[in-house]
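As structure tokens, the structure follows; a few thoughts come after it.
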Amino acid sequence: MHPRCRFLAGLALLATCGLSFAATVVRDPWWKHASILEIYPRSYADSNGDGTGDLDGITAHLDDVSRLGVDTIWLTPMYPSPQVDFGYDIADYRSVDPRYGTLADMDRLIAQAHRRHIHVLLDMVLNHTSDKHPWFMASAASRDNPKADWYVWNDGLDAASPGVTPLQKRNVHDGKVPPNNWQSMFGGSAWTWVPARKQFYYHRFYAQQPDLNWRNPAVEKAMFDAMRFWLDRGVDGFRLDAISTLFEDPQLRNDPERGGTNPFGDPNLDYRYSDKLPEVHDVMRRLRAMVDTYPGDRVLVGETYEPTTANLVPWYGRHNDELQLPMDLLPGFGWGARFDARWFRQHLQGAQTQLKGERTLLVFDNHDNPRSIDRFGDGTHDVARARIVAALLLTNRGVAMTYYGAPIGMTTSTPTRKEDVRDPVGITGWPKEKGRDGERTPMQWNAGPQAGFSSNPDTWLPVAANYRTVNVASELADPSSLLQWYRKLLALRRDNAALRDGAMTFVDTSNPDVLTYVREGETPVLVAMNFSGEPRPLASGQTGHDIHTLAASDASLARATTLDGTTLPPYSVWLVSFQR
């Protein structure tokens, strides 16, 4: 029985027994305690032998998801798409790309996940569509069709106009240049000319991803209706891609230059007029109101790259009426992110003190960045350091999101030759920017051919070379593996009251090498992590207690009987419960 059903059944039983409550029972929404696994469908499991992952492959591995211990999966886009940006260029919001299966396959995946008490989140791209979407093809055909103003169009400037930048001058058509210096995130101007309209359209990302005009109410209605289509089919919520970019300055003012150039050779810009405009919050409130009409605590997760923790606060909404879970990407991906106790202490403390009590959503791995085992590793102690990263993710007071392959220590396999690159980012930016293929290689299930991902030796990306030792089957058989460490921490996160609900109290806060905090509760849990390659004393401030080791990355810690005088081995993690 689903947890929601058990809860309601329990209330009904108490009522029939003549029992009543003095106060209303308050139940947290499921998402406040969620552990989320991001799945990249192309790379998770291939059920039909074509070398590309699909929905039936994901369904076939739902028991592996349950065995890992996560309770939610987020699927990156599986909609029909030309695959210019591997699904983030959507041509139909109400169907499934034939590469991945059918609507029936999607319905079966949702149903089978729910049978296992696994929630399903879909990626929703609200900012742009594919240029092959019928909406854009109609819009691009003329200036007087019903979809003419569904996208962001402009006549441009005369090429001889004062103040035209070199970037604009590279894009001259009929004597016109783009109206400003805005850039595509993937290099070059963010404006592309369409001869049929004799106008430029705006695209924050690839030219094949034209931005929708969210100042047109018809666009909002169409996109909300697309989301209703999936909510009606039972999805539990959405991860909203590039959500901060929905609106642009209506005056089309130039973004200020901030000096230097990016990997594509274009000037670095301060995206003051092309990102994070206040109107996006109006849309988020209306979207939240729509989603809240559905039962089951449906959730909105936002891709929110922010420079400070405090900058996340507006995304929750003044009255908790926007995103439930804006992603806190700063600790894992922020400028200067490093394997350092002080770095993580600063940002974990910030999440406790600067978010006005809201839940943080911590992320260390995703499909757009090299894997954390490489970013935080040193080439020698990578797995030991990965255990610490897992502890940071799974013992903090917040929602945890990981990425397929991270729990087994899959590494980034960046192409070494331009001709092997599949990601257009790498094709355009090579050699400074090698693209995102390295973090998207096929899932490593076992030591067999193609790591058990596919029966086809010609997989869409090559399987990483270390698959014979780094794979699910091998690590399930090894009690000391990284996978078993993840499983232990996820089980504790689910079942231990302090780790599930307790506040975080940081101790020994000036220690440069050891990060220590207590998750409060009737039986508190102390979490201590040594970021150093040398033994370090534990200064917990919790002396004289009887202790019980819940998890230890080093056998010597598991044998300890007291916190007093304990020394943490290099790169070690220790979780201890104690009575106050």
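The values are calculated or read from the model by the stated rules, or taken from the named source; none is laboratory data. The model shown is predicted, which means the values in this text are computed figures rather than measured ones. Cβ atoms come from the backbone with ideal geometry, glycine included; neighbour counts cover every protein chain shown. Calculation scope for accessible area: heavy atoms of the full protein, side chains included, ligands and nucleic acids excluded. Shrake-Rupley method; radii C 1.70, N 1.55, O 1.52, S 1.80 Å.
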What's the extension gain from HIS319 to ASN466 if we count 0.36 nm per residue and subtract their Cα-Cα distance? 48.1 nm
Which of these values of mean projected area of the Cα convex hull in nm² was calculated from the structure shown: [x] 28.8; [y] 31.4; [z] 86.9? [x]
Heavy-atom accessible area per residue - the chain, 1.4 Å, Å²: 40
Computed over segment 474-527, Kirkwood Rh from alpha-carbon pairs, angstrom: 12.6
Before rounding to the nearest 500, sum -39500 (n - 2.57) across all DSSP H runs of length at least 4 in the chain and divide by the residue total; then give [θ] at 222 nm in deg cm²/dmol. -7500 deg cm²/dmol
Percent of alpha carbon pairs in segment 517-580 separated by more than 16 Å? 36
Evaluate the distance, in nm, between pseudo-label points positioned 7 Å from the Cα of ALA160 and of ASP64 along their respective Cα→Cβ axes. 6.4
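If DNA, RNA and ligands are ignored and the probe is 1.4 Å, what is the ranking of GLU534, GLU279, GLU322, GLU522 by accessible area, most exposed first?
In descending accessible area the options line up as GLU522, GLU534, GLU279, GLU322.
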For THR102, what charge total do you get from the other residues with a beta carbon under 12 Å from its beta carbon, if Lys and Arg give +1 and Asp and Glu give -1? -3
With N residues in segment 228-350, Rg(alpha-carbon) / (2.2 N^0.38 Å) equals 1.25
Label-point separation in nm, ALA111 to ALA503, each point 7 Å along Cα→Cβ: 4.7
Env charge @ ASP89, Cβ radius under 9 Å, K,R +1 / D,E -1, value -1
Test item: Cα-centred dipole of segment 332-451, Lys/Arg +1 and Asp/Glu -1 on Cβ, debye: 360
Stretched out fully, how many nm does the piece from ARG417 to ARG342 gain, at 0.36 nm a residue minus the Cα gap? 23.3 nm
Need one value: the accessible area of ASP158 in square angstrom, 1.4 angstrom probe, rounded to the nearest 10. 80
Would you please state which residues of segment 503-524 a label at THR353 would reach in this model, taking the label point 7 Å out along Cα→Cβ and a backbone N cut-off of under 12 Å? 506-507, 509-510
Most packed first (mean Cβ within 10 Å per residue), the peptides 461-467, 147-153 order as 147-153, 461-467
